[in-house]
Amino acid sequence: MKLLFFFFLFICSSKTFAHSYFFAFAEVEYNVMQEKLEGTLIFTSHDLEEVLMAKGIITSKFEKLQHDSITISALGNALFNDFKFYSNQVPIKLNALDFSLTKNGLIEIYFKSEKVKLSQDFELQFESLMDIYPKQQNKITFIQNNEKQTYVFMNNETRRKITILN
């Protein structure tokens, strides 16, 4: 009977710490002077850490990772498979610059694109973590000419056309 009681407590406590919704955010601005996209990807650090460790991309917790070019490049390469911009159907190369952990449990990954001219056929794919967490929801705020546009991405809509402001 005691075993059954402890099993029940274990099941209840594991449900208490799990969350059923997952979110990632991005804020990206088009730098007209440099003709580059500059931005930040923001994830709940333990969700991203768990996925990257399971895939063997990182081998320790984010707090212990070095901020060297190899680590930052590996992190970017992993993230930019599921977070991509396209101009005229051609992927725009993104480069990870650095990352930081916030006190409220988030990780921010900073990036910049190669030089690009925005076209009317400008799209974003933002399916980060959706293969692991089916209820993952991603949101981007895109800033151009000091105007903000927000787009939401769900498992059934992972690629969106971005409106270019003239």
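The values are calculated or read from the model by the stated rules, or taken from the named source; none is laboratory data. As the structure is a prediction and not an experimental result, all values here were calculated from the model. Neighbour counts are summed over all protein chains in view; Cβ atoms, including those assigned to glycine, are modelled from backbone coordinates with ideal geometry.
Among the residues of the range 126-166, how many are touching a Pro at 6+ places or on another chain (Cβ under 9 Å) and either hydrophobic (A, V, I, L, M, F, W, C) or closer than 13 Å to residue 26 by Cα (or both)?
0
State all residues of the range 140-159 that are surrounded by fewer than 16 Cβ atoms within 10 Å (Cβ to Cβ) and either modelled with pLDDT under 90 or not β-branched (Val, Ile, Thr) (or both); if no residue qualifies, say none.
Matches in the range 140-159: 145, 146, 147, 148, 149, 154, 155, 156, 157, 159.
Can you pull out the residues in the range 93-114 that are over 20 Å from residue 51 (Cα atoms) and modelled with pLDDT under 95?
Matches in the range 93-114: 103 only.
Out of the range 102-118, which residues are touching a helix residue (DSSP H, G or I) at 6+ places or on another chain (Cβ under 7 Å) and surrounded by 15 or more Cβ atoms within 10 Å (Cβ to Cβ)?
106, 107, 109, 111 - these are the residues of the range 102-118 that are touching a helix residue (DSSP H, G or I) at 6+ places or on another chain (Cβ under 7 Å) and surrounded by 15 or more Cβ atoms within 10 Å (Cβ to Cβ).
Being closer than 30 Å to residue 165 by Cβ, at pLDDT 95 or above and not hydroxyl-bearing (Ser, Thr, Tyr) is the requirement here; does residue 28 meet it?
yes
Any idea which of 57, 70 is under 16 Å from the mean Cα position of the chain (by Cα), β-branched (Val, Ile, Thr) and modelled with pLDDT of 90 or more?
Of the residues listed, the single one that is under 16 Å from the mean Cα position of the chain (by Cα), β-branched (Val, Ile, Thr) and modelled with pLDDT of 90 or more is 57.
Please go through the range 107-125 and give me each residue that is closer than 12 Å to residue 28 by Cα and among the small types (Gly, Ala, Ser), ordered by number.
113
Kindly provide the set of residues from the range 82-101 that are over 19 Å from residue 142 (Cα atoms) and either of a type outside the set (A, V, I, L, M, F, W, C) or crowded, with 19+ Cβ neighbours inside 10 Å (or both), ordered by number.
Within the range 82-101, 98, 99, 100 meet the criteria.
Would a scan of the range 76-94 turn up a residue that is under 20 Å from residue 47 (Cβ atoms) and over 13 Å from the mean Cα position of the chain (by Cα)?
Scanning the range 76-94, I find no residue that is under 20 Å from residue 47 (Cβ atoms) and over 13 Å from the mean Cα position of the chain (by Cα), so the answer is no.
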